Structure formats: structure tokens, C-alpha cells
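Chemist: First the structure, then my questions, so here it is.
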Amino acid sequence: MTLARGVALLILLLAVYCGLDPLKHSPIAGFPDFVANSIDLPGWSQVPTEKDNDNLLQKSEIKFLNQVHGPESVAFDPLGRGPYTGVADGRVLFWNGQSWTDFAYTSPNRSELCNPKENATPLSYVKTEHICGRPLGIRFDKKTGDLYIADAYFGLMKVGPEGGLATSLATEAEGVPLRFTNDVDVDTEGNVYFTDSSTKYPRRNFIQLVFSGENSGRVLKYNPVTKETTVLLRNLQFPNGISLSKDGSFFVFCEGSIGRLRKYWLKGDRAGTSEVMAILPGFPDNVRVNEDGDFWVAVHCRRNMYSYLNGIYPKLRKFILKLPIPTKTQFLLQIGGKPHAVVLKYSPEGKLLQILEDSQGKVVRAVSEVEEKDGKLWMGSVLMPFVAVYNLA
């Protein structure tokens, strides 16, 4: 056999192996109906290039290491107590100033299966979170003290100031079940706004949701008087964090797959319409308003050319995803090789005011939410076993 024939045979065998993926290594091996969709990415030239060259997030303090697993959302109650956070085993925890205590839980079917485990990681709970619950976004009603919870599996929920088992408020809208309830906010009248990131993929398949770029996501409103849930926006690509403006005239939500902030008007001549507020330098998770009316955005990672080309060329993306490359490796390629947190502050008009990052992932390797309180940024992460605190002063 000549060298050329040998190389040709090797390439043929590799192609057959990749096509069949007999060891099921690829991220889409267990998803025969997987479809790669084109993602509505802004042009590369539109992506902001500003950076924090000092990597200021590396000055953050790591708190509660291995005491909280996957604290995606961080909140303080109307009396300023806390933080409160939802963790990977399905509980909402409360820091009483000295220790973490159980405050609430979302699943009525909790058992020993859901108990915290030694040497666990945030991702080790994924296989049971559909049973134990997975509280993601949490927000307090400042008037009543009620805590609203977006549970990825159990939908929109609420628990009173004393905690305990949360009450279900909504599990579907327009006859379509909530498949991936993600974030929540509540206005001064008690109306609740929340996101459903996908009607196809549940949270435990969020990697496949990211890779698919499918657009079944929704932004919804729950009316506490009529107990009705209505869809405000639909056909969205991974809607994620949501936050009302300080005056309640609009809310801002994150388009996770696209990497944008979008504004939806609730009052005034533009009520019921939406517009792009800002194009982000990366892919966002949650957004939170501060006392000044500005918005802090947590960005998982900066964009890179690899993820950009994968986004605009879905056939290329699907070909790569069919290769027997482990999911973790595919994910690292998507985020530029290593986890690295970016935190951004925007004005209500969409002007970038401040940027903080840890481009090397030395201290704050990932961030899902930024909550500003008393001159400090409290940062949670669905992927990390700690809360990071950055002193703005």
C-alpha cells in the first residue's frame, strides 16, 4: 500500500468514526433531533473592544468557599439581611451573619437524594435537579417581603418572609409548559416578569441549548390579581437575566445566545415595544439594576472568532459538534479556552460605564450575577462553589 493510499484510508476511517461516534463522545450524541440554527449575531465590527487591562476582579474576595454550590443569584431582603441564594441541591439559603441556614426549597418531593454531598461540585447535582429543584433567579418584593423564585424545573414560585416550601404560581403559558424558567423580577404593583429560556431544552441540557441556537425562548408576565401568565416576547434565542428599570418604565433582559441587552417598554408611547439597548462583548447571564438606576451585567466569557464563526455558520457548527470531542472540550473552545469572568455596568440608555474582568480566570473564573450593595459587588456563579465580593471603593 502506498503512502497516499494509506493516508486516504486513514482519513476515510476517521470520517466514518466521526460520523458514527461509536463511543458517544460528542455533545449531541444523545440528541438525534438536534438542529443547529443560525444565531442572529451582531457583526464582528460591532462588538465592543473595551477591556479592563488591570484585571480588577482579581482583587475580589472569595467568600463561603465550598459552603454554597452554584449560587447563581444573590439577593438581600427588604431589611437588608442576607445574602440569600439558590444552590445546586435545590435549596434557597440565607446567610444570617454567622452561618448559612435553610430558608426555602422548591421541590415538594425532596428526599435524601437531594441532601448536600461531600466533595460535590455544582455540576454533580445536575442529574437530580429535575427532582430536587434548581432555583436560579431570585427577587424580593420590597413591599411584602415575599421571595420570588425562578426554578428551572418547577416554574415561577413564591415563598413568604418566613421561608419554607415555595408555592407554584405558573408552570405554563398559552398551553406551553415552562421548560427552563431562568430569571425573575417584580414591580411595585406585584406584577412578576420572568424568562423561560427554552421550551425545548431543560436546564440539564443547557449545553445543547447553547450549541443549537434555537429560538423558542420567551419573556413572560404573571398578574397576581388574575393569576394569568401572558407572553410578552417570544421566538428568542436563550433569554436569560431580567431586571426592571429604577422607575419601572421598562425592563431589560439578556439575549444569551446573541450577546445583547434588550429593552422592553412598559409605560409611555412605546409601551409594548422592544429595542436593542446594547451589544455586549460576550455572552451574558443575569442583569441587575442598582440604586442609581444603572445595570450590572454578568458575562460568562468574551466573544472569540471561533464562537462567532460557529454562530453564523450552523452547518459548520453541527459538523464540529458531531466530532467525538468531549462536551467539556467543546465548551472550552466556545469560551476561548478557559473560564474568565467579565462584569459590565450600563446606563439606562445603554452606555457602557464600567468594565471589570478577570481575563485570566485566576480569582473570579465565572460569574452569573452581580448585585450591588453598600459599595460592594456580590457575584454569584452557577458554575462555582463560592460567592465573590468586589469592593468598588
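The values are calculated or read from the model by the stated rules, or taken from the named source; none is laboratory data. These numbers come from a predicted model, not from an experiment. Glycine gets a Cβ as well: all are built from the backbone with ideal geometry, and neighbour counts include every protein chain shown.
Chemist: Within region 313-327, work out how many residues are loosely packed, with under 15 Cβ neighbours inside 10 Å and hydrophobic (A, V, I, L, M, F, W, C).
Modeler: Of the residues in that region, 2 qualify.
Chemist: Sticking with this one: Name every residue in region 368-385 that is outside any strand (DSSP E or B) and at negative phi, in order of residue number.
Modeler: Within region 368-385, the subset outside any strand (DSSP E or B) is 368, 374-375, 381-385.
Once the filter is applied, which keeps residues that are outside any strand (DSSP E or B) and at negative phi, region 368-385 yields S368, S381, V382, L383, M384, P385.
Chemist: Oh, and also: Against the condition at pLDDT 95 or above, among the acidic types (D, E) and surrounded by 13 or more Cβ atoms within 10 Å (Cβ to Cβ), how does D102 come out, does it pass?
Modeler: Criteria not met by D102.
Chemist: Checking G259 against (1) on the phi > 0 side of the Ramachandran plot; (2) in contact (Cβ under 8 Å) with a residue 60 or more places away in the chain; (3) surrounded by fewer than 23 Cβ atoms within 10 Å (Cβ to Cβ), which single condition isn't satisfied?
Modeler: Of the numbered conditions (1) on the phi > 0 side of the Ramachandran plot; (2) in contact (Cβ under 8 Å) with a residue 60 or more places away in the chain; (3) surrounded by fewer than 23 Cβ atoms within 10 Å (Cβ to Cβ), the odd one out for G259 is (3).
Chemist: Related question: May I ask you to verify whether K158 is in contact (Cβ under 8 Å) with a residue 12 or more places away in the chain, in a strand (DSSP E or B), closer than 19 Å to V74 by Cα and of a type outside the set (S, T, Y)? Break it down stepwise before answering.
Modeler: Values: in contact (Cβ under 8 Å) with a residue 12 or more places away in the chain: yes; in a strand (DSSP E or B): yes; closer than 19 Å to V74 by Cα: yes; of a type outside the set (S, T, Y): yes.
So K158 passes the test.
Chemist: Please go through region 106-155 and pick out each residue that is hydroxyl-bearing (S, T, Y) and either modelled with pLDDT under 90 or farther than 20 Å from P78 by Cβ (or both). Walk me through how you get there before you give the answer.
Modeler: Initial filter on region 106-155 (hydroxyl-bearing (S, T, Y)): 106-107, 111, 121, 124-125, 128, 144, 148, 153.
Within region 106-155, T106, S107, S111, T121, S124, Y125, T128, Y153 qualify.
Chemist: Tell me, which strands (runs of 3 or more DSSP E) lie completely within region 53-123 with 1 or more residues that are under 22 Å from the mean Cα position of the chain (by Cα) and closer than 17 Å to E369 by Cα? Before the answer, list the steps.
Modeler: Working: elements: 61-63, 84-86, 91-95, 100-105.
Of the strands (runs of 3 or more DSSP E) lying wholly inside region 53-123, those with at least 1 residues that are under 22 Å from the mean Cα position of the chain (by Cα) and closer than 17 Å to E369 by Cα span 61-63, 84-86, 91-95.
Chemist: Same structure again: Might you check whether a residue that is part of a loop (DSSP other than H, G, I, E, B) and either more than 17 Å from V382 (Cα to Cα) or over 18 Å from the mean Cα position of the chain (by Cα) (or both) occurs anywhere in region 127-137? Outline the logic, then answer.
Modeler: Applying the first criterion (part of a loop (DSSP other than H, G, I, E, B)) to region 127-137 yields 133-134.
Filter again for either more than 17 Å from V382 (Cα to Cα) or over 18 Å from the mean Cα position of the chain (by Cα) (or both), leaving none.
Within region 127-137 (the criterion being part of a loop (DSSP other than H, G, I, E, B) and either more than 17 Å from V382 (Cα to Cα) or over 18 Å from the mean Cα position of the chain (by Cα) (or both)), the answer is no, since none of the residues qualifies.
Chemist: Same structure again: Among A166, A271, A173, which is the only one that is buried (at least 24 other Cβ atoms within 10 Å of the Cβ) and not aromatic (F, W, Y)? Write out each step before concluding.
Modeler: Working: A271 fails: buried (at least 24 other Cβ atoms within 10 Å of the Cβ); A173 fails: buried (at least 24 other Cβ atoms within 10 Å of the Cβ).
Only one candidate qualifies: A166.
Chemist: Between a residue in region 350-376 that is in contact (Cβ under 8 Å) with a residue 24 or more places away in the chain and surrounded by 24 or more Cβ atoms within 10 Å (Cβ to Cβ) and any residue that is acidic (D, E) and part of a loop (DSSP other than H, G, I, E, B), which pairs come within a Cβ distance under 8 Å, given they are 6 or more apart or on different chains?
Modeler: Going by the 8 Å Cβ cut-off, the qualifying pairs are L356/D52; E357/D52; S368/E72; E369/E72.
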